[in-house]
Amino acid sequence: MHASAGTAGEQPPIKILIYSDDSTTREKVVLALGRRVAADLPPVKTYEFATPPAVVSAVDGGGFDVLILDGEATPAGGMGVCRQLKDEVYQCPPVLVLTGRPQDGWLATWSRAEAWTPHPIDPVALADSVAELVRARLAKRVAA
């Protein structure tokens with residue numbers, strides 16, 4: 001598990017789970033997210049996972065704000081893992097799926113992911129999508 005965060009004394013970080021069996025993909029996601037996904041949001045803290053059972057266990061434990069799942073991961077792709085989490089985890093955090101191709105967006109919708117972005121990872125698109133998911137989640141908390 002890899003963690004990165006901003007400096008102490010700031011707002012609590014946005015906790016982002018990243019799942020891919022490929023360490024290079026996880027590294028690209030971490031680099032694309034940077035320290036903050038948007039100037040108006042707290043810094044990010046990332047947690048990397050390489051296996052579906054570890055992801056399910058971590059999400060069951062709670063505390064994540066956004067999940068980023070690699071749709072091209074093996075042996076279980078992020079779309080299948082997303083659908084499982086949405087079925088099994090009460091108030092599952094929002095999910096962004098990394099798809100193999102832009103045309104695979106419909107599969108991400110099938111998996112019940114709130115957002116998707118294709119490989120290769122576009123840092124601006126990824127950060128913007130994560131920022132939108134975080135803002136929507138924070139708005140729900142305020143409304144509750």
So which of Ala139, Ala127, Ala113, Ala131 ends up being of a type in the set (Gly, Ala, Ser) and part of a loop (DSSP other than H, G, I, E, B)? Ala113
Name, by its number, the condition in (1) open to solvent by 40 Å² or more (accessible area, probe 1.4 Å); (2) at pLDDT 95 or above that does not hold for Cys82. (1)
By residue number, the members of the stretch 25-63 that are more than 23 Å from Pro120 (Cα to Cα) and open to solvent by less than 60 Å² (accessible area, probe 1.4 Å) are Leu41, Pro42, Pro43, Ala54, Val56, Ala58, Val59, Gly62, Gly63
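I need a count of the residues in the stretch 110-141 that are β-branched (Val, Ile, Thr) and closer than 23 Å to Gly62 by Cα. Show your work before the answer.
So the first thing to find is which residues in the stretch 110-141 are β-branched (Val, Ile, Thr), and the list is 117, 121, 124, 130, 134.
Now narrow it down to the ones that are closer than 23 Å to Gly62 by Cα: 130, 134.
Counting residues in the stretch 110-141 that are β-branched (Val, Ile, Thr) and closer than 23 Å to Gly62 by Cα gives 2.
Tell me which residues, restricted to the stretch 38-78, are among the hydrophobic types (A, V, I, L, M, F, W, C) and either part of a loop (DSSP other than H, G, I, E, B) or at pLDDT below 95 (or both). Step through it out loud before you land on a result.
From the stretch 38-78, those among the hydrophobic types (A, V, I, L, M, F, W, C) are 38-39, 41, 44, 49-50, 54-56, 58-59, 64, 66-69, 73, 76; that's our starting set.
Once the filter is applied, which keeps residues that are among the hydrophobic types (A, V, I, L, M, F, W, C) and either part of a loop (DSSP other than H, G, I, E, B) or at pLDDT below 95 (or both), the stretch 38-78 yields Ala38, Ala39, Leu41, Ala50, Phe64, Ala73, Ala76.
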Only one residue in Asp128, Asp104 is touching a residue at least 24 places away in the same chain (Cβ under 8 Å), over 21 Å from Asp21 (Cβ atoms) and among the acidic types (Asp, Glu). Which one? Asp128
Determine if the stretch 117-135 includes at least one residue that is closer than 15 Å to Leu67 by Cα, open to solvent by 20 Å² or more (accessible area, probe 1.4 Å) and at pLDDT below 95. no
Give just the number: which of (1) touching a residue at least 40 places away in the same chain (Cβ under 8 Å); (2) among the polar types (S, T, N, Q); (3) in contact with a helix residue (DSSP H, G or I) (Cβ under 8 Å, 6 or more places away or on another chain) does Thr74 not satisfy? (3)
Among the numbered conditions (1) over 22 Å from Trp110 (Cβ atoms); (2) within 13 Å of the chain's Cα centre (by Cα), tell me where Gly71 comes up short. (1)
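The values are calculated or read from the model by the stated rules, or taken from the named source; none is laboratory data. Please read all numbers here as calculations on a predicted model, not as lab measurements. Cβ: placed from backbone, ideal geometry, glycine included. Neighbour counts: every protein chain shown. Ligands, DNA and RNA are excluded from the accessible area calculation, which covers all protein heavy atoms including side chains. Shrake-Rupley method; radii C 1.70, N 1.55, O 1.52, S 1.80 Å.
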